[in-house]
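Data block below; observations after.
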Amino acid sequence: MTGFSTDISQRKFAEEHRAVLARELTHRVKNTLATVNAVVSQTIRQATSLDDAAITVSARIPNLGAAQELLIQDEVEGAAIGDIVDRALLPFKDRDADRFTPPVPM
């Protein structure tokens with residue numbers, strides 16, 4: 001009787017790792033779409049016109065992307081939460097300067 005055996009543990013690990021990454025990506029995309037939906041809904045609710053809403057959404061969406069880049073940077077290098085918040089709030093600061101106030105140092 002002759003035969004052979006092959007160690008497939010690395011291949012199985014790689015398959016499981018891909019499945020975990022796929023689930024994580026799906027989760028993150030769903031979260032991102034829920035955030036975009038909330039931003040658009042809130043923008044439309046507060047807009048004075050459709051043009052106003054379009055301009056505001058066009059400013060907010062790229063800033064969500066910028067905040068996402070900082071979150072990814074945080075996973076790799078580290079990003080301060082203040083930087084992430086500042087980046088996410090950037091389109092709102094132009095509109096009402098008194099809407100946000102910096103925290104009082106302790």
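If the condition is being surrounded by 10 or more Cβ atoms within 10 Å (Cβ to Cβ) and either in contact (Cβ under 8 Å) with a residue 60 or more places away in the chain or not small (G, A, S) (or both), then segment 39-54 contributes V39, V40, Q42, T43, I44, Q46, D52. Inclusion of V36 among residues that are within 17 Å of L89 (Cβ to Cβ) and surrounded by 10 or more Cβ atoms within 10 Å (Cβ to Cβ) is warranted.
Restricting the first member to segment 56-74 and to residues that are within 18 Å of I44 (Cβ to Cβ), and the second to residues that are surrounded by fewer than 14 Cβ atoms within 10 Å (Cβ to Cβ) and among the hydroxyl-bearing types (S, T, Y), the beta-carbon pairs closer than 9 Å and six or more apart or on different chains are L64/T32.
Taking the criterion of being modelled with pLDDT of 70 or more and either among the polar types (S, T, N, Q) or not in a helix (DSSP H, G or I) (or both), the residues of segment 48-106 that qualify are T48, S49, T56, S58, N63, Q68, Q73, A80.
The values are calculated or read from the model by the stated rules, or taken from the named source; none is laboratory data. All values derive from a computational prediction rather than experimental measurement. Please note: Cβ atoms are built from the backbone with ideal geometry, for glycine as well, and neighbour counts cover all protein chains shown.
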